[in-house]
Structure formats: structure tokens, C-alpha cells
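The values are calculated or read from the model by the stated rules, or taken from the named source; none is laboratory data. All figures in this text were calculated on a predicted structure; none of them were measured in a lab. With ideal geometry, Cβ positions are generated from the backbone for all residues, glycine too; neighbour counts draw on all protein chains shown. The protein model used for the area step is the full one, side chains on, heavy atoms only, and it has no ligands, DNA or RNA in it. Shrake-Rupley method; radii C 1.70, N 1.55, O 1.52, S 1.80 Å.
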Amino acid sequence: WGKAAKKDECLEKRGVLWSEEPGHSFSVRGAQHPNAMATPSPAKSMGDPGITPLSPTHILKDPDENEQSSQSYVVVVAIDFGTTSSGYAYAFTKEPECIHTMRRWEGGDPGVSNQKTPTTILLTPDRKFHSFGYAARDFYHDLDPTESKQWLYLEKFKMKLHTTANLSIDTDLHAANGKKVKALDIFAYALAFFKEQALKELSDQAGAEFDNADVRWVITVPAIWKMPAKQFMREAAYKAGLVSRDNPDQLIIALEPEAASIYCRKLRLHQMVDLNSKTSLNGYSPTETPGVAMSQGDRYVVVDCGGGTVDLTVHQIRLPEGHLKELYKASGGPYGSIGIDYEFEQLLCKIFGQDFIDQFKIKRPAAWVDLMIAFESRKRAAAPDRSNPLNINLPFSFIDYYKKFRGHSVEHALRKSNVDFVKWSSQGMLRMSPDAMNALFKPTIDHIIQHLTELFDRPEVTDIKFLFLVGGFAESSLLQQAVHNMLQGRSRIIIPHDVGLTILKGAVLFGLDPSVIKVRRSPLTYGVGVLNRFVEGKHPPDKMLVKDGTRWCTDVFDTFISADQSVALGETVKRSYTPAKPSQQVIVIHVYCSEKESVRFITDAGVRKCGTLKLDVSGTQSPAARREIQTLMQFGDTEIRAMAVDVATSRSVKASIDFLSQ
């Protein structure tokens, strides 16, 4: 922060805004707030005060803004870039009800359906893209161990975008051999791979080269991701050549649970399981009514359980058009199914020693991948009522390397490890009792249930008619049972049949009609820094700045929109300002954001600068006594665009708010 603040001071020489609006009153008590001076005051070192509000906020509903016609696209392709598995689906705009999921992939694992492919990527020793998915895994696996150390293999890397606190374009990832690679390159390689696969499939169908310009792309991301992570995906898509920066609307970043929500509303009886009636509904009802009979005002929760994250969103149907409204801001956390893999790894560390496991992963990376694949299929066999043990094959090189490393056998380690539920079977397998397997699920499922319980306790979350359980992890009967026990019949629990493809299909529907999502909750508070007239006894003394005999209160945060406030998609918030000094040549407006709902000063803890508008007004005259500068913020799909307009000359500057610059 220290560094950042200094850098900002240099930038902020010109552009302070100031405001005489009566709305901005601060009690002195607020001044003693412990966070009030979390960062040094940028305004103290500034030259001229910049601009002052002319008018209160307007909210413009721009009628044309939402009607981005999807008619100019021939096809919509959605990419579900998952933590553990990925895939794409598409539909032609001429036949929107027919959603095609991608061709079956080569490869595939026993006990795992392979409509999607593992999110694994392999680069050659000189860091060129080699392969993705099963192909990457199999090739890496077949390399000679001495050779494989040179190759860069990555899996489960999507979580890095969620867990990195100060994500930037330069964030690194670590390959299996410990080497560093740029995250942006890896994400771009993966998206480029999907682009190539999808265009190839479309070209084969059309019998001619399919033009990327005819494709509207949709990429899904978790709703709980912070803005930098969502923007990172867009940057990767630009780098991959999915779309160009000049045509950003060709790509929609969709939120995973929103996509699931759009798909779930359309479910018919034969396409889902109703957990409350415990039977697979096979569509034999005498009158083929919709399975999920949604009516005006119905509220439902979508629980999207993926490999990395669990996302909870609360939606309401607004008829007649059936638009969706978000009732409460997305919540959840990193409680996806890889948490179970992590617990399994901890169990192995407990039995064989952390030092051995760490070494084994680096020295025999392909065998480690094998072991995790073996675990994956057993993980899927776990069930609440299971009584027979689950056997996990230990790769030969694990047994062999352990003997070299420790000087005694794997069997010996198991005997002396006092881990009760895991035994050694004579066929060379780890034998886990069902209790042992269930114990691996427990921490992850507990987190999910705790989150759900807190969500259902909220005042905004009442009368929930349905709970849709979606995402790959939703297939787990242990998770289904836990959710069922927690809800005790308060809502109907609905699980779509092709639960792993729900998000993908919903994302295609979203791309065909982006206007279906009408209202979201803003995850952050946005505003600009302004100066107010200093009022004795009301403003903190350390915020006082004297300029030309006038006393100002500096660093005031002028709110455009607050966290958790409803925002219609495409909604524009507009304000007018005027330069404090008529002679000002450049007007600089800084946009700030914070996760807190109410922010007083741009120096409060947790407030960070996320955009700058520089408007050059030199060499122009304004006919009005006071030059009017309009500032607009438009809240789009996952992007926020800001614009400043000099009304007299119609000069304008635009900026997308940048969450990735450190």
C-alpha cells in the first residue's frame, strides 16, 4: 500500500473533485474511526482542486443499451472453463432450442463420464503449447520420467485466480515440475485450444471454413470471483484471439450460477430428480406440466458445486418475460470437490510422511497424476449407505520409490501409521473403509452446509420454493444427503439429470438472449474522490486543506453505487461536475472501489483506485459560465465502463475500470 499510495500521489497532482452537496456531512466522531487514515492522504500533495458537482446523481435507463442484437451472430459457443474439467457447447441462433454439446473426447477415465475433458495442459520444454485435456495427461504420463521433468504440466490451476489476493497480468502459476509460468499464457492457451476445437467442429458441420466473426463467445466464471479474476478471464480471451479488444461485446463473461439458473427454469419433469420424492421423475405425468412450475415471484436458490468453488445465488422470477432478478449478492467459497483430493493428500502425508509425498510429486509427477486418477474414480463411488471398502491402486513407482526413500515397505508404513480405516490389501491396493472415505468429504461438505445455513437465515432469503443443486460435485450422493438433511423440507431440492452440463447449456441460452438477466447486486461500492467545503466540528481536522483562502475537506468518497445495491444490466449512473478553476487544461477523475457498503473517505481501509479518466479540455472555450463535465458509469456484464464528457465540445474519454493494475 505504501508504494501504491506514493505512486498515486504523482498521478493525482491535478485531479481532485470537490463537492458542496449538503448530502456530504461527516461527524467528527467518524474522524476518529480507526480506518480513517489507513492510507496517506493523496489530496494533501495535490495542486489545484479539480471539479465540483453541478447536479445530483441521475440514473439513466438507456433503452438501446440492453438490446444488443444477437442477430449478427450465426452461433453462440459457450466455454465452461472448470477447475477440474472443461468443455464447450453451442447453438445456432436460427435453432436456439437445439443445444449441441461438444464431440466426445478421445481418452476418458473409468467411472467418469467424459462429456467434458480434464482441465489439464501440457507445454513442451521450450514452453510451447503441446496439448490439453486427456491428450495432455496421457502424453505426459507416457513420457520417460527423466524427460517428463523438462515438460510443463498444469492442472487445477483455475483456483489460483480465486486465491491470489493481488492478482495481476503478471501472476505466475507453478507447473508439476515446480517451474513457473505466466498464468495469463496458460489461460490464453486453454481458451485458444477451445476456440480451435469449436471452430473445427463448426467448420466440419458447415462443410466450409467457419468464420470466428460469426461466433458469439460466452465464458463462464464463478459468481463469487472478485472483479480482477473476472477481468483476467477477459484479458486471456483477448490474448487467445477469441475476440478483439475493438469488439468486446462479442464475448460475454457469464456467471456460472446464473447460467445454471437460466437452464433450470426450463427443465421438464423427465430431466430432473426431485430429491424430496426420492425418485427419478420420468415424465409420465398425465398432463406434461413443466417439472419446475415457476410462477411470478418464485424465489429459488442455485447451489453450484464445482471442482474449485461453491457458489450460492438467490434468484426470483419476474414474469411475463421470465426475467431473473438477483435477490442477494452471490456468496460461497473455495469449497469445491478438490477439497476432498486435498484431504486424501493429507491422509497420504499422515501415513507416508509429508517429506516423501512432496518428493514423490516432483520426482514422479506422472505417477502422482495416476494415483489421483485412481482416487477420483473411488471418490465417485462413495455413498452414504456404502458398506464395502473402496480400493485404490497404488502405482508401482509409488511402492518402489517409497522403499528407496524410507528403506521399508508401504505395507510397513500402513501398519505403523495408526490410521485405522486404511489397510493394505495383498493385491497392492490401499483399502479404505467407507467411514474413511466419508471423513475425507466431511470438511468440504461441512463448509457448504454452514454457508447454506447462514444463507437461509438471512432476512432477504425467505420463502425459497426450489433449491437447484448443479455442477459436477452435485452428483455426489453424500453432498445430496447433507443438503437434504439441512433443509428438512423447507424447499424442494431439484437436481438436473445432466448436472455436470447444466452450466454449459445455460451459458448457451444466456448468449442467445443476454437480456434474460435483468437485475444483479453490485459486489462493490464505487465512487470518485471529491473535495467538500470544510465545516468546523463536522470534518476531521487532518482532512483540512487551504487553497486560495478557501478551506476544503479532502479525500471525500462520492458514492456512485453501493455494494449489494440492485443494478439493472446496462444501467448507467450519471453525474455532472465543473472544473473549480476555469483555466484548468486537463481534468482528472479517479474512480475508487471498496467491498464495504458505506465509505466516507478514499483513504479508508480497503478502498482502492480502480480507474482514471483524463479529459483534455485545452484549447476549447465553453459558452456556459461553468463548463459541464458529465461522468457516467455503466454497469455491464462483468465489466464497468466509465466515461467523461465535456458537454460544450462533446469531447469524451472512456475507460474500462481496470482491476488488474497493481
Original post:
Name the GluC sites (Glu not before Pro) in the range 455-545 that are in a loop by DSSP and that have at most 11 other C-beta atoms within 10 Å, would you?
Top reply: GLU536
Original post:
Under 5 Å between amide H atoms, partner at least 5 residues away or on a different chain: which partners does THR578 have, H built in plane at 1.01 Å?
Top reply: THR52, LEU54, ILE629
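Leaving out ligands and nucleic acids, note down the accessible area per residue over the range 75-195 with a 1.4 angstrom probe, in whole Å². Don't skip to the answer; put the middle values down first.
Working: 4950 Å² over 121 residues.
Accessible area per residue: 41 Å².
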Original post:
Once the other residues with Cβ under 14 Å from the Cβ of ASN212 are scored (Lys, Arg +1; Asp, Glu -1), what is the net sum?
Top reply: -3
**OP:** Leaving ligands, DNA and RNA out of it, work out the accessible area of LYS149 with a 1.4 Å probe and give it in Å² to the nearest 10.
**Re:** 70
**OP:** Kindly report the accessible area of the range 524-656 per residue (heavy atoms of protein chains, probe 1.4 Å, no ligands, DNA or RNA), in Å².
**Re:** 39
Original post:
Once Rh is set to the Kirkwood radius over Cα pairs, what Stokes-Einstein translational diffusion coefficient, in µm²/s, holds for the range 416-490 at a temperature of 4 °C and a viscosity of 1.567 mPa s?
Top reply: 87
Original post:
Near LEU167, within a Cβ-to-Cβ distance under 9 Å, what is the net charge of the other residues, with Lys and Arg +1 and Asp and Glu -1?
Top reply: +2
Original post:
Relative to the compact globular guide of 2.2 N^0.38 Å, what is the alpha carbon radius of gyration of the range 524-656, as a ratio?
Top reply: 1.12
Original post:
When only the heavy atoms of the protein chains count and the probe is 1.4 Å, how do GLU628, GLU95 rank by accessible area, highest first?
Top reply: GLU95, GLU628
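Percent of accessible area on the range 145-225 owned by carbon and sulfur, 1.4 Å probe?
Numbers: 1550 of 3250 Å².
Ligands and nucleic acids excluded, carbon and sulfur reach 48 percent.
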**OP:** Please give the solvent-accessible surface of LYS505 in Å², to the nearest 10, using a probe radius of 1.4 Å with every protein chain present.
**Re:** 40
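Assuming R0 = 41 Å, can you tell me the calculated FRET efficiency for the pair THR550 and ALA605, based on Cβ-Cβ distance, to the nearest 0.05? If you can, show how the numbers build up before the last one.
Numbers: r = 29 Å, r/R0 = 0.71.
With R0 = 41 Å, the Cβ-Cβ based efficiency is 0.90.
With every protein chain present, what is the per residue accessible area of the range 383-450 (1.4 Å probe, Å²)? Before the final figure, lay out the partial values.
Numbers: 3710 Å² over 68 residues.
Roughly 55 Å² per residue, with all protein chains present.
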Original post:
What is the gain in length, in nm to one decimal, between LYS416 and ASP658 on full extension, counting 0.36 nm per residue of separation less the C-alpha to C-alpha distance?
Top reply: 81.6 nm
Subject >> Relative contact order computed over the range 397-454 (Cα-Cα under 8 Å; 6+ residues apart), in percent >> reply: 16
Original post:
When the Cα centres of the range 311-362 and the range 598-662 are compared, how far apart do they sit, in Å?
Top reply: 37
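Sort THR119, THR620, THR462 from largest to smallest accessible area, using a 1.4 Å probe on the heavy atoms of the protein chains. Can you show the working numbers first?
On the way: THR119 0, THR620 25, THR462 65 Å².
Greatest to least solvent exposure: THR462, THR620, THR119.
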Subject >> Size of charge dipole - the range 416-538 - debye, nearest 20, with Cβ of Lys, Arg +1 and Asp, Glu -1, no other charges >> reply: 180
Subject >> Cα centroid separation, the range 565-593 to the range 477-509 (Å) >> reply: 43
Subject >> Accessible-area value, LYS266, 1.4 Å probe, nucleic acids and ligands omitted, Å² >> reply: 110
Original post:
In nm, to one decimal, how far is the ASP214 label point from the ASP138 one, both placed 7 Å along Cα→Cβ?
Top reply: 3.1
Original post:
Could you sort GLU376, GLU454, GLU258, GLU321 by accessible area so the largest value comes first, with the probe set to 1.4 Å?
Top reply: GLU321, GLU454, GLU376, GLU258
Original post:
Where a ≥ b ≥ c are the square roots of the eigenvalues of the C-alpha gyration tensor, would you call the range 197-279 rounded, which needs a/c under 1.5, or, failing that, prolate if a/b is larger than b/c, or oblate?
Top reply: oblate
Original post:
Expressed as a whole number of Å, what is the distance separating the alpha-carbon centroids of the range 371-441 and the range 127-197?
Top reply: 28
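Find the eigenvalues of the gyration tensor of the Cα atoms of the range 75-255, then list the square roots of 5 times those eigenvalues as equivalent ellipsoid semi-axes, largest first, in whole angstrom. Mind dumping the intermediate values first?
Values: eigenvalues 139, 88, 44 Å².
The equivalent ellipsoid of the range 75-255 has semi-axes of 26, 21, 15 Å.
Got the relative contact order for the range 75-255 handy, in percent, Cα pairs under 8 Å and 6 or more residues apart?
On the way: 278 pairs, mean separation 37.9, N = 181.
RCO, the range 75-255: 21 percent.
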Original post:
Carbon-plus-sulfur fraction of the accessible area of the range 466-563, 1.4 Å probe, in percent?
Top reply: 50
